[in-house]
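Notes for the one structure printed next.
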Amino acid sequence: MRVLVIEDERRLTENIARSVRESAGYAVDCAFDGENGLFMAKSNPYDLIMVDLMLPGRDGLSVVQELRRGGANVPILVLTARDEKESVVALLNAGADDYVTKPFDLGELIARAKALIRRGKGESDTVLRFHDLEMNIADHTVHRDGEPISLTGMEYRVLEYLAHRRGAVVSKTELLEHLYDFNWERFSNVIEVYISGLRRKLGDAKGEKLIQTLRGRGYVLRA
Ligand code: CA
């Protein structure tokens with residue numbers, strides 16, 4: 001998953017970005033003003049956008065309005081200050097999905113971020129089930145046919161993305177764009193490595209194949 005953080009307080013932005021990367025395992029891009037944030041939000045396929053309300057230039061409310069007006073359905077989580085309660089109503093009416101009030105606990109922020117992403121993908125449960133595969137996206141555990149499977153961080157992220165899109169063909173570019181930040185092009189050769197690691201660990205060689213490759217098109221999770 002890939003998250004955009006639009007926040008002008010650099011220290012806070014860095015803390016959020018580190019926390020999202022480390023505890024959720026998502027890729028993170030940062031913007032420090034509303035105009036640039038809006039531009040990045042429109043140019044990249046984010047799975048979640050976190051936007052501060054008070055920003056230099058274009059404020060958070062305007063970013064939300066502009067994105068929704070353009071038809072973007074990405075989940076949006078707004079960061080507000082304690083004295084901005086009235087704006088929260090305007091934000092929610094403009095199409096923001098949730099908000100947190102500063103100072104917030106980073107653990108709570110991550111939990112809300114995960115919930116919004118999950119719901120944005122149409123999942124109501126924190127356990128994704130596919131055939132005999134079970135992925136718990138809250139604690140990042142994976143089981144196949146009841147047996148625990150130990151994955152590296154990147155293998156997990158690839159599998160989680162495929163599981164959210166189960167049944168659909170996912171191109172390598174789509175995987176790269178959702179698993180890495182703006183430098184994603186330089187990782188274009190590693191996806192095959194993660195896919196082959198996943199296949200080995202999921203036992204695709206022995207049992208029923210879960211990850212299928214469609215030549216020239218991408219990968220699909222299907223039994
Ligand atoms: Ca601010």
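Just so it is clear, none of the values below were taken in a lab; they were calculated from the coordinates. This structure is a prediction, so every number in the text was calculated from the model and none was measured. All Cβ positions, glycine included, derive from the backbone under ideal geometry; neighbour counts span all protein chains shown.
Results, tabulated for the structure shown:
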read-out	value
Three-way shape call for the range 1-76 based on the alpha-carbon gyration tensor, with the a/c threshold at 1.5	oblate
Relative contact order (%) - the range 127-221, alpha-carbon pairs under 8 angstrom, separation at least six	26 percent
Charge tally in the Cβ shell below 12 Å around residue 173, where Lys, Arg are +1 and Asp, Glu are -1, residue 173 excluded	-1
Residue 43-residue 124 FRET efficiency (beta carbon distance; Förster radius 25 Å; 0.05 resolution)	0.25
Cα centroid separation, the range 1-26 to the range 205-223 (Å)	33 Å
Rounded to 5, the percent of DSSP beta bridges in the chain classed as antiparallel	50 percent
Full-extension gain in nm, residue 66 to residue 186, via 0.36 nm per residue minus C-alpha separation	40.1 nm
Radius 9 Å from Cβ of residue 146, net charge of other residues (Lys, Arg +1; Asp, Glu -1)	-3
Kirkwood estimate for the chain, i.e. one over the average of 1/r between Cα atoms, Å	18.3 Å
Span-like helix ranges in the chain, DSSP H, alpha carbon extent 15 angstrom or more, Kyte mean at least -0.5	106-120, 153-164, 191-202
The chain, relative contact order [Cα under 8 Å, separation at least 6], %	17 percent
Estimated FRET transfer efficiency (residue 85, residue 140; beta-carbon r; R0 45 Å; 0.05)	0.80
Normalised contact order of the range 2-120, rounded percent, pairs of Cα under 8 Å and 6 or more residues apart	24 percent
Charged-residue dipole, Cβ positions (Lys, Arg, Asp, Glu), the range 2-120 about Cα centre, Debye nearest 20	400 debye
Eligible lysines near residue 121 by straight Cα distance, threshold 28 Å, same-chain separation 8 or greater	42, 102, 172, 201, 209
Sequence-distant residues sharing a close amide H with residue 99 (under 5 Å, placed H)	78
